[in-house]
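Right, one structure below, let's go through it.
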Amino acid sequence: MPNSTAAQRTALLDAIGVPDAEPLFGQIPPAHRLRTPLALPPALASEIELTRHLDGLIARNRPAGKMLSFLGAGCWQHHVPAVVDEIVTRSEFLTPVWGTPSSDFGRNQAWFEFTSQLGALLDLDLVGLPVYSWGCAAGHALRMAARLNGRRRVLVPALLCPERRAVIDSYCASATEQHAILIDTYPCDRLGRADIDALKALAGPDIAAIYFENPAFLGGLEHRAADIVDIAHAAGAEAVVGVDPISLGVVAPPGAYGADIAVGTIQTLGIHMHAGGGLGGFIASRDEDRYAAEYPTLLNSITEAVDGSLQFGLMRFHQSSYGSREEGKDWTGNSTYLWAIGASVYMALLGPAGFREVGELILARSHAAAERLARVPGLSVAATGGFFKEFTVTFDRVPVEAVDRALRGAGILGGLPLTGALPGMGNSALYAFTEVHDHAAIERLATTLEELLA
């Protein structure tokens, strides 16, 4: 601790048998260690000064919710009903969301509702408690697949979200060669959908899993999802699909086309755009023992007690990092478990009809946006159909960075720039349109772009 006394530090070092703290940091390479003092500003002398300083920093932010935002790519602006925030901030859930059984004020039942609802949405029977993000869920799922069939190579889309790809790379890497998973890519079209013939040629007997997304990162709806699953199964591999659950009111669920493991985000299920505050990702599969035995996450279940009452609790706790620490299937954390509560409230509010209505509204508004932007001189859109809520916009002459700066000046956050982030995407950005983008919002974007590109 920074404020511990010299005597306390000496007692701690004596207890572990080292003369000073230096041996504790010996594994950190010298190039990664700071050898000179940090140039820190003077300490703030009072709480008043600290408050003023922090308020000034916060005032520099330009939150997406305060602007007209078309950012997406993994963190989208969706409507969060007020009742979701009301429930997740109740003390029964907010304070004791994790801890001893005595802190469970309906938490386990709410978690069971979350996994049950999400399982029904995905048409899969086994759902774990959430992990940090979609990327983490995908990384876990690919390692699950490698453990299931003992293979060490996976195929992923060439046009995949750079952030998700970076997380997958981290999960598949290992300090020891025998535990590392080799990642190869397969080509995609401009909407991010798989080149089926190329994928079939790449899927050899050494493949542990084929990962694809539906909708794809660039927005395209994967109309040959069942063919991808068949290619994976023909190679003896696992078919792992990433999905945005808000699309499942209008898009076939993973279980319907035979996917083995489904992963994705829960941010679209009533979670604000917290980013660093946690987004949440899920892992789901068929309820088969071979899959259940490989889950790194906590699994919530219900059973009948000896007195006939129903009891909620955790199963297969021993195979998680909570139960077995470094011997667990994979490391997992609990910072997103509160979002499981929010997502369960959101799914209960919508129900099947609500998911269909939201999905149809997103489809209608995103396609209307594509048709409107396609008429703006100086840019082109990847397609005006065949996608869910995102599509790429390519600018003919003006660099996408300059477009973004000009849009911000007009109070608009443009799409995610793809220039240099993905191969072959050129001077383009990924724009997202959800149920919050009405006709006026779409028209404001289009007319602003017309002025900028004139």
> Looking at (1) in contact with a helix residue (DSSP H, G or I) (Cβ under 6 Å, 6 or more places away or on another chain); (2) assigned to a helix (DSSP H, G or I); (3) under 30 Å from L182 (Cα atoms), which is the one condition that is false for I87?
Replying inline: (3)
> Restricting the first residue to the stretch 114-128 and requiring it to be under 16 Å from E288 (Cα atoms), which pairs with a second residue that is of a type in the set (F, W, Y) and crowded, with 24+ Cβ neighbours inside 10 Å meet a Cβ separation below 6 Å and a spacing of at least six or different chains?
Replying inline: G128/Y295
> Among the listed residues L38, L71, L34, which satisfies the condition of being in the same structural domain as F391 (by TED's automatic domain parsing) and either β-branched (V, I, T) or part of a loop (DSSP other than H, G, I, E, B) (or both)?
Replying inline: L71
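Listed here are the residues, each with its yes/no results for (1) over 22 Å from the mean Cα position of the chain (by Cα); (2) surrounded by 24 or more Cβ atoms within 10 Å (Cβ to Cβ); (3) within 27 Å of R356 (Cβ to Cβ).
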| residue | (1), (2), (3) |
| --- | --- |
| G139 | no, yes, no |
| G150 | yes, no, no |
| L155 | no, yes, no |
| E163 | no, no, no |
>> Given the criteria outside any loop (DSSP other than H, G, I, E, B) and either over 23 Å from T448 (Cα atoms) or touching a Lys or Arg at 6+ places or on another chain (Cβ under 9 Å) (or both), does E371 qualify?
In response: no
>> Checking R9 against (1) touching a helix residue (DSSP H, G or I) at 6+ places or on another chain (Cβ under 6 Å); (2) free of Cβ contacts under 8 Å to residues at least 24 places away in the same chain; (3) not polar (S, T, N, Q), only one condition comes out false. Which one?
In response: (1)
>> One residue is enough: does the stretch 5-13 have a residue meeting the conditions surrounded by fewer than 10 Cβ atoms within 10 Å (Cβ to Cβ), among the small types (G, A, S) and assigned by TED's automatic domain parsing to the domain that holds R164?
In response: no
> Just to be sure, is T394 touching a residue at least 12 places away in the same chain (Cβ under 8 Å), in the same structural domain as L68 (by TED's automatic domain parsing) and touching a strand residue (DSSP E or B) at 6+ places or on another chain (Cβ under 8 Å)?
Replying inline: yes
> Among the residues of the stretch 416-448, how many are touching a residue at least 40 places away in the same chain (Cβ under 8 Å), assigned to a loop (DSSP other than H, G, I, E, B) and surrounded by 21 or more Cβ atoms within 10 Å (Cβ to Cβ)?
Replying inline: 4
> Going through the stretch 172-182 one residue at a time, which ones are crowded, with 18+ Cβ neighbours inside 10 Å and either in contact (Cβ under 8 Å) with a residue 40 or more places away in the chain or touching a Cys at 6+ places or on another chain (Cβ under 8 Å) (or both)?
Replying inline: I181
> Going by the conditions given, is A382 outside the structural domain of A252 (by TED's automatic domain parsing), in contact with a Phe, Trp or Tyr (Cβ under 8 Å, 6 or more places away or on another chain) and farther than 16 Å from L445 by Cβ?
Replying inline: yes
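The values are calculated or read from the model by the stated rules, or taken from the named source; none is laboratory data. The structure presented is a predicted model; accordingly, all values stated were derived computationally and were not measured. Methodologically, a virtual Cβ is constructed for each residue, glycine included, from the backbone with ideal geometry; neighbour enumeration extends over all protein chains shown.
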